[in-house]
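Worksheet: the structure to be examined is printed underneath.
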Amino acid sequence: MLASDAFAGRRPGTEGEQQTLRYLVREWQGFGLESGTNDPANPWFAPVDLTLSVPASSRVTLLSGGRAVTLAGDEGRAFTVGPRALLAAAPVLYVGPARADAVGPAAIAGRVVVMDWGGEDDPTRRDAYYAAGAAAVLGLVRDARALTTLADLRHRGTYALAGQEGDLVDGFITQGGLARVMGDPALSQRMRDARRAGFAGVRLPLQITIEANSTPGTVRTHNLIGKLPGRRPDAGAVLVMAHWDHFGTCAPGAQSPLCRGAVDNASGVAAMSEIARRLAAGPRPDRDVYFLATTAEEWGLLGAHAFVRNPALPLGTIVAALNLDTIAVAPRGSAVAIIGARMTGLDGAIAAAAARQGRALGDNDYASRYLRRQDGWVLLGRDVPAVVVTSAFADETRFARFVEQRYHQASDVPQGIELGGAAQDTLLNLDLVRLFADPARWPASASPSAQ
């Protein structure tokens, strides 16, 4: 339903958001849920105010030996979330594929870091360099085509929670652009050095001046929070969550540009709603069960960040949080994996519940590559035991095929998606909610993070 044209791709701050949230509230009220915001001024809808930064212009200039080379737009591009950023003649540190902890803050602080770009965890690596004091971070890409693809994504706008915008500068530079100043042999040698064991970055024989300008804006969007009151609300709570948002459009100019997000994440919201319906229709659980449909996950888990910044309930009372994200990938009978395995104390209960339903355990190590890219990561950062229990991420080959064929593309439509594993995952998560909502079977002390 949420992936139909009527919801216009569910982009936050648009009519698609209003349609989505109105539909979900009608459904949830019909099940018997009540508002879970615990804020009489904002029943059901918890406001999330965002700032929007749309790139306006940038200039990247390399300085070496008294020569200044300003790169073309398809050789170097810079971005800032503020109206204007300027770095003048800053030193440059090339780190290749190395992580910030291997390089060390003494080498990073105050420098423009150039890091190889093209891996799944590149945004996480970039953030670690910022945390270590980098003045800016530029991703080194192969060619103009790669840079243009990344820059086009950024030109859709960058979002941040209001009041937490910061003044970070980042961008991309091509190997050819860097070689214009360094020379191909010198750059190639540095890149080969970066692949040797123990590489910890090297200062490049140049400086860089970066100017970036952006056009600011604001977006008001909302988290949707419902609650099924328990018989013993003083015994803590269980949180079930899924992000409702998507991109609106993802193929401008195409015959069918709408980005419907059937798997990501209409499937997770549908599973969460079915869990709510079945719980509400059965015996009332002892603990409160909250249902959180987050906004702006696709823009950096911003709805989840807003929730923990202004939670609807004390975070320490949540004994377990189950995130449902991108679940309609695997067929019936597939193994399940835990994103967040070995981090919460919930693993044993999950394995036992899976065994009761005849489900095998899959590749937790592969699934946990996505740990920082889903809303549960934000809750883990606040000591809430949060996991994703899913068959979608349990098989690397299958999920890679989904990423190639559907992920964040106009092709992520309801037609042809695999619902067998999603249905089983919904029943497994329902069983887990019932377990964690029962203090007799799952005392608060069993969740080490929820004290």
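The values are calculated or read from the model by the stated rules, or taken from the named source; none is laboratory data. None of the values given here were measured: they were computed from a predicted structure. Cβ atoms come from the backbone with ideal geometry, glycine included; neighbour counts cover every protein chain shown.
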Report task. Taking only the range 31-74 into account, find how many residues are on the phi > 0 side of the Ramachandran plot and either in the same structural domain as Asn310 (by TED's automatic domain parsing) or surrounded by 14 or more Cβ atoms within 10 Å (Cβ to Cβ) (or both). Result -> 3
Requested in this report: Could you list, in sequence order, all residues of the range 75-94 that are in a loop (DSSP other than H, G, I, E, B) and either polar (S, T, N, Q) or surrounded by 14 or more Cβ atoms within 10 Å (Cβ to Cβ) (or both)?
Outcome: Glu75, Val81, Gly82
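This table checks each residue for (1) under 21 Å from Ile318 (Cα atoms); (2) part of a strand (DSSP E or B); (3) outside the structural domain of Val308 (by TED's automatic domain parsing).
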site	(1), (2), (3)
Ala212	no, yes, yes
His222	no, yes, yes
Leu239	yes, yes, no
Gly268	yes, no, no
Ala271	yes, no, no
Leu279	yes, no, no
Asp286	yes, no, no
Leu292	yes, yes, no
Requested in this report: Scan Ala354, Ala360, Ala423, Ala394 and give me the residue that is assigned by TED's automatic domain parsing to the domain that holds Val238, under 20 Å from Glu274 (Cβ atoms), of a type in the set (Gly, Ala, Ser) and touching a helix residue (DSSP H, G or I) at 6+ places or on another chain (Cβ under 8 Å).
Outcome: Ala354
Report task. Could you run through the range 43-71 and say how many residues are outside any strand (DSSP E or B) and within 31 Å of the chain's Cα centre (by Cα)? Result -> 2
Report task. Please find, among Ala400, Ala360, the residue that is among the small types (Gly, Ala, Ser) and under 19 Å from the mean Cα position of the chain (by Cα). Result -> Ala400
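Can you tell me which residue among Ala306, Ala312, Ala296 is farther than 23 Å from Met1 by Cβ, surrounded by 24 or more Cβ atoms within 10 Å (Cβ to Cβ) and in contact (Cβ under 8 Å) with a residue 60 or more places away in the chain? If you could, list the steps in order and put the result at the bottom.
Working: Ala312 fails: surrounded by 24 or more Cβ atoms within 10 Å (Cβ to Cβ); Ala296 fails: farther than 23 Å from Met1 by Cβ.
Exactly one residue qualifies, and that residue is Ala306.
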Query raised in the report: Out of curiosity, is Arg369 among the basic types (Lys, Arg), closer than 25 Å to Leu301 by Cα and either within 18 Å of the chain's Cα centre (by Cα) or not assigned by TED's automatic domain parsing to the domain that holds His243 (or both)?
Result: yes
Query raised in the report: Of all the residues that make up the range 306-350, how many are of a type in the set (Val, Ile, Thr) and in contact with an Asp or Glu (Cβ under 8 Å, 6 or more places away or on another chain)?
Result: 5
Report summary line: Here the residues within the range 317-353 that are within 27 Å of Asp234 (Cα to Cα), among the β-branched types (Val, Ile, Thr) and buried (at least 22 other Cβ atoms within 10 Å of the Cβ) are Ile318, Val319, Thr344, Ile350
Query - Only listed residue being within 17 Å of Ala151 (Cβ to Cβ) and aliphatic (A, V, I, L, M), chosen from Leu62, Leu71 - result: Leu71
Report task. For Asp116, indicate whether it is within 22 Å of the chain's Cα centre (by Cα), of a type in the set (D, E, K, R) and surrounded by 20 or more Cβ atoms within 10 Å (Cβ to Cβ). Result -> yes
Report summary line: In the range 403-434, anything buried (at least 22 other Cβ atoms within 10 Å of the Cβ) and within 19 Å of Cys250 (Cα to Cα) is listed as Asp412
Query raised in the report: How many residues does the range 95-107 contain that are surrounded by 13 or more Cβ atoms within 10 Å (Cβ to Cβ) and free of Cβ contacts under 8 Å to residues at least 60 places away in the same chain?
Result: 3
Report task. Filter the range 435-451 for residues that are buried (at least 17 other Cβ atoms within 10 Å of the Cβ) and modelled with pLDDT under 90 and give the result. Result -> Ala446, Ser447, Ser449, Ala450
Query raised in the report: Looking at Ala132, Ala78, which one is out of contact with any Pro (no Cβ under 6 Å at 6 or more places or on another chain) and either not β-branched (Val, Ile, Thr) or not assigned by TED's automatic domain parsing to the domain that holds Trp377 (or both)?
Result: Ala78
Requested in this report: Test Val181 against the criterion of being closer than 15 Å to Gly76 by Cα and either assigned to a strand (DSSP E or B) or of a type in the set (Asp, Glu) (or both), and give yes or no.
Outcome: no
Query - Every residue from the range 165-222 that is surrounded by 21 or more Cβ atoms within 10 Å (Cβ to Cβ) and either small (Gly, Ala, Ser) or free of Cβ contacts under 8 Å to residues at least 40 places away in the same chain (or both) - result: Gly171, Gly177, Gly201, Ala212, Ser214
